[in-house]
1. What FRET efficiency would be calculated for the residue pair residue A:74, residue B:422, taking the C-beta separation as r and a Förster radius of 45 Å, to the nearest 0.05?
2. At 7 angstrom along the Cα-to-beta-carbon line, where would the label on residue B:429 sit relative to the other copies? Give the distances in nm, shortest first.
3. How many square angstrom of accessible surface are buried between B and A, both sides summed, with a 1.4 Å probe and rounding to 100?
4. Measuring from label point to label point, each 7 Å out along Cα→Cβ, what is the residue B:18 to residue B:150 span in nm?
5. Taking K and R as +1 and D and E as -1, what net charge do the other residues with C-beta under 14 Å from the C-beta of residue A:110 add up to?
6. Using the alpha-carbon centroid of each, what span in Å lies between region A:303-362 and region A:70-115?
7. Counting only heavy atoms of the protein chains, get the accessible area per residue of chain A (1.4 Å probe) and round it to a whole Å² value.
8. Around residue A:434, with a cut-off of 10 angstrom between Cβ atoms, what is the net charge of the other residues, counting Lys and Arg +1 and Asp and Glu -1?
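The values are calculated or read from the model by the stated rules, or taken from the named source; none is laboratory data. Since this is a predicted model, take the numbers as computed values, not measurements. Here Cβ is always computed from backbone atoms with ideal geometry, including for glycine, and neighbour counts include all displayed protein chains. Each accessible area value is taken on the protein alone, full model and side chains, heavy atoms only, with ligands, DNA and RNA left out. Shrake-Rupley method; radii C 1.70, N 1.55, O 1.52, S 1.80 Å.
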There are 2 protein chains.
Amino acid sequence: MVSPDRLNAETIIAKKRDGGELSEKEIRYFIENFTQGRIPDYQASAWCMAIFQRGMSQQETIALTRAMAESGETIDLSDTLDYVVDKHSSGGVGDKTTLVVLPLVAAMGVPVAKMSGRGLAYTGGTLDKLESIRGFNVHLSPEQFKTRAAEYGIVLAGQTHELAPADGMLYALRDVTGTVSSKPLIASSIMSKKIAAGADGIVLDVKTGSGAFMRTIDDAVDLARLMVQIGEGTGKDVTAIISDMNQPLGHAVGNALEVREAVETMQGSGPADFVEHCVMIAGQMVRLAGKSYELDLSDIDTELRTRLTNGDALAMFRRMVEAQGGDLRQLDDLNLLPQAPVRRELKAPHAGYIREVDARGVGLATLDLGAGRRKKGERIDHAVGVIVHQKVGDHVDAGDPLFTIHARKEEHASQVAIDLATCIEWADRPGLPLFYDVISTR
Amino acid sequence: MVSPDRLNAETIIAKKRDGGELSEKEIRYFIENFTQGRIPDYQASAWCMAIFQRGMSQQETIALTRAMAESGETIDLSDTLDYVVDKHSSGGVGDKTTLVVLPLVAAMGVPVAKMSGRGLAYTGGTLDKLESIRGFNVHLSPEQFKTRAAEYGIVLAGQTHELAPADGMLYALRDVTGTVSSKPLIASSIMSKKIAAGADGIVLDVKTGSGAFMRTIDDAVDLARLMVQIGEGTGKDVTAIISDMNQPLGHAVGNALEVREAVETMQGSGPADFVEHCVMIAGQMVRLAGKSYELDLSDIDTELRTRLTNGDALAMFRRMVEAQGGDLRQLDDLNLLPQAPVRRELKAPHAGYIREVDARGVGLATLDLGAGRRKKGERIDHAVGVIVHQKVGDHVDAGDPLFTIHARKEEHASQVAIDLATCIEWADRPGLPLFYDVISTR
């Protein structure tokens, strides 16, 4: 790779610093040379700060995404699969959606081949959750990945370092230079990995609320629109769903606890909100891929609800677990999944309506229990977590269960119990609150 | 009044344009000369635009408030009343709070003397609502205003033009130059009038939501904090309540309809949300004034609830109406209040939970019926309006009433019925929504 004439990092940084619009050539030059180590970190972080301050146009963001997607290996599944549909969640508390949606979509006759990241948040990511199952192997070579997808119609593996390396390198810098929360940088990061992994269609679950990265609906919509525009600019089909993350999704928060809830959902006893969520996400995935696989798209939702609970989805999940070395006995008897030695139930101190179950607070509590990571590479405890018994709007009587804490040690449970109590906001009546705040001179 | 040396409008405008902080002297010079007609409108509007773009510090905002409050006459009630407590609402749909809160606070032994503005919004203001009562006179001289306050313990009149004239002049300019929605300008406008009218304590009902000027809680809190800071800077007691305006307050929206609901509330049959709202606002007013009037502040809320429904508040309301020339027979028989000839009931087309009753939409519908003003000076129709039967979170069955439209003509009712139908958002279940939006490339 030869640097084009006249292009250099300093002038590209200065152009963005002053609010200019970078050309595709300039962006590609910067990303290629950064990935090859010819542009040093201190220049790349200055460039990220300039992007953070000045923003990027839609065209710049598309160019950045394409440059990062093409910065390393790319996977091409087109010789074995007609259409590859992928999903991505911006992350939330109790978000075990992939565990159900992947087998459910596969059960509809749409093959799914997904690469996931590890969690760096309240609980583990999808890979961590699946590793609650003894023996489950997430490390597959691109060749194994392709073979499993063709043979079984379902595969879920860890992302390899060879894919979109520029994104990984840039993210590590952003993480320590206060430049994470820039929409063009977030959008290009997510989309570059999906494109490099060979997706034709991408369903984005963009969460908004207290437990999400995007706190407001407006921010979530802006980010979603940008990613849809990237899809249009790179020839990918993209559907973004803006979903609520003000309260945890379903009831279970924690790795093995979430696997259990996912399996129970595929056995027909899932929480109502989580079932709706899975049907929504799976429905959008099937809609994107459906034409390529000549599916009847007239009544997808009914079909999805049927296959979610009639054993079809669970059979696909078992097929995936078996193919990747997981111990099926833990699915036959869910009590064989990792279990925490300490259980503590928090009861409602009085009757009332649940106005809020703070997703962020519950997430931080499970992190304190050891279910997630504060730093990259930290070990997580698959057994611990929290069961959230109530949803916003529920009426509870005094003594009804609010939370069940699954902890490694008594002292952990005691500390977390105090924190969880503050996650519930009460109301005397259902519906909207009447007042939000009182501010006074005395 | 002599202009101080070296001060002139152009340098003051330029200083603000470049982001400088104006001194109290500069602000007072600008306001005084503007009020006297020595600074022309085009300079004042440029100044407002510079303030809009660059903002104002807390000190600047306090200085602006004080300068506007002192730009004309000020009322001093201290020879007849120990402590004057006033209230202000930032305006909402179905907000008939003053009609109940003023007599309720007076019934607690705290004299109330309030000046109100006319409505320039969805429905009329408090003055317009009271004028639904035949003969009610809102035009009182400052002398009459003082006498009534001392004699009856309650008076509610229109604001005279002599009070804070700089505010009225500046607001008229802002209204046509796109500079209304600037927090320092809003806060100083509200507070300057209250201070000029002689208030010692001010309770601010700052609404937030779809039917409010401040759409987000954060914006409402910012505005409230600024007004509390102005209170601290001008030696006034101020309490701001951030209250919900995503759905109409109570059920009635429209002038005579709201008078009726207010009277019914004082007869013990008020809507639950409106009762809570009145008790909250009245409670804060009593707390501010209570020390000066040596009240037992230990259980104000119980006391307020008692006097709201035992006839005490209603007796005070009747006393005010009688003193200001209103026809008491219309309170004895509420059917004698202005009534619209056309009534149309909208029924629920299916069962479900009410997720949203869009306050803004309902407000615009009542405006279309003629209950409010689009331009200053427009006549309003006291009889028309909308009864909103359901609150957010309610479960309704198919055929339950959603709205009753009170219209002047059949064709008005038909048009408004279509608009109102879109104000209701439905949900399959109580609690938070699961999804907010879906955005897609195709």
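1. 0.45
2. Taking the point 7 Å beyond Cα along Cα→Cβ, the inter-copy spacings are 2.5 nm.
3. 3600
4. Here the answer is 5.4 nm between the modelled labels.
5. My count for the surroundings of residue A:110 gives -3.
6. Cα centroid of region A:303-362 versus Cα centroid of region A:70-115: 21 Å apart.
7. Details: 17690 Å² over 442 residues.
I get 40 Å² per residue for this part.
8. Neighbourhood net charge equals -3.
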